1. Ignoring everything except DSSP H segments at least 4 long, calculate the 222 nm mean residue ellipticity for the protein assembly as shown; use -39,500 (n - 2.57) per segment, divide by total residues, nearest 500.
2. Fewest to most neighbouring Cβ within 10 Å: what's the order for B:R90, A:R70?
3. Ranking B:L13, B:L5 by Cβ neighbours within 10 Å, fewest first, what do you get?
4. For region B:1-79, just the Cα atoms, rotate onto the principal axes and tell me the three extents in Å, largest first.
5. Lys and Arg at +1, Asp and Glu at -1: add these up for the other residues within a Cβ distance under 13 Å of B:G148 and post the number.
6. Would you mind giving the mean number of other chain beta-carbons within 10 Å of the Cβ of each residue in A:56-68, as a whole number?
7. For the Cα atoms of chain A, what angle does the longest principal axis make with the long axis of helix A:41-59, in degrees from 0 to 90, nearest 10?
8. Running a GNM on chain A with Cα contacts under 10 Å, which residue among A:V117, A:V53, A:V38 ends up with the highest mean-square fluctuation?
Amino acid sequence: MGDDRAVDSVVVTQTVRLLSPFVFTYGLYTMFHGASSVGGGFQGGVVVASVVVTLAFAFGIDQTGDWLDRGLLTGAAVLGVLSFALVGLGPLAFDGVSFEFTAYPGEKGALYAVEVVEVAIGVTVAATVTILFFELSGGFDERGGSE
Amino acid sequence: MISSLSAVLIVSLVVVAFLVASVRDVLAATVVFAAYSLVMAILWVTLQAPDVALTEAAVGAGVTTSLFLVVIVTTELPLAAATFDGTVRRSSVAAAVGVTCVLGVTLPALPAVGSPDAPAFDGVAPYYLDQSVPQLGIENVVTAILAGFRSFDTFGEVTVVFAAGVTVLVIFEKEVL
């Protein structure tokens with residue numbers, strides 16, 4: 001396999017450079033506003049991950065992989081699942097059953113619980129898709145020689 | 001009835017589906033498959049399902065395609081001639097057409113599109129539609145169902161996504177933490 005996977009086209013790199021912040025913002029918007037508009041954690045997480053994937057296609061998979069922190073990504077994936085589980089078990093403290101978000105006190109308790117859940121889903125999905133992409137492409141292989 | 005836009009989309013969907021199967025190169029098939037997802041996403045919008053459309057566009061046309069591409073590039077490509085040589089066995093065609101016809105018999109039993117008597121509107125759907133705002137304070141009913149009323153199911157889905165990431169890390173024997 002060719003080791004030099006950096007793409008040098010100015011059109012590609014400049015377009016990605018210009019668009020990435022907007023796509024990233026749209027991903028975050030989708031994640032945070034799942035309760036009031038189209039989308040949610042899954043879609044937002046995938047859009048955020050797609051920004052990283054696009055960067056990798058434009059600036060080289062190995063270079064983008066070096067720039068990412070694997071430990072941080074794995075930690076984020078774990079954190080998302082754990083916070084979803086915590087929010088799900090929270091109602092037990094308020095005489096509800098698990099995942100009964102209406103048991104949360106306050107007028108908007110259920111809404112806030114759902115929004116935390118959406119962000120947790122988004123974090124896990126974004127981190128996992130990024131991990132999948134770079135592991136499958138070998139971009140996390142620092143030495144990268146053996147393949 | 002079906003609008004002209006939907007008709008065009010459905011026809012192109014079928015055409016693209018045939019292209020995916022008949023294109024010889026795996027890379028080309030992957031790209032055509034992305035186009036299939038894109039047409040499907042537009043069709044979801046015309047069917048007033050923007051949440052599904054967004055998922056189809058982001059997952060189907062976007063991330064899945066990039067994952068396929070990356071896997072194809074890092075593995076050895078089979079010879080184009082070995083993948084599909086353009087000939088199809090008559091018995092296979094007969095079987096496919098037969099199954100399609102048998103399944104098609106059930107089509108008249110389906111309720112009309114948007115019919116209020118459809119079984120889908122008979123069960124819990126009205127409850128979700130009514131209670132989404134008063135109980136959870138969420139205007140997007142899809143989110144209310146996924147993350148609110150049925151959040152335990154969604155928790156299972158997130159665990160599946162997480163498991164996929166863990167599986168890849170285990171297969172490549174990466175100890176990251």
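1. Mean residue ellipticity, 222 nm, calculated: -20500 deg cm²/dmol.
2. With the fewest neighbours first, B:R90, A:R70 line up as B:R90, A:R70.
3. The fewest-first ordering by Cβ neighbours comes to B:L5, B:L13.
4. 47, 25, 9
5. Values: positive: A:K108, B:R150; negative: A:E100, A:E115, A:E118, B:E139, B:D153.
So the surrounding residues net to -3.
6. Counting Cβ atoms of other protein chains within 10 Å of each residue's Cβ and averaging gives 1.
7. 10
8. Most flexible of the set in this elastic network: A:V38.
The numbers here are math on the coordinates, done by the rules we state, and not lab data. Since we're looking at a predicted model, the values are computed, not measured. Virtual Cβ from ideal backbone geometry, glycine too; neighbours counted across all protein chains shown.
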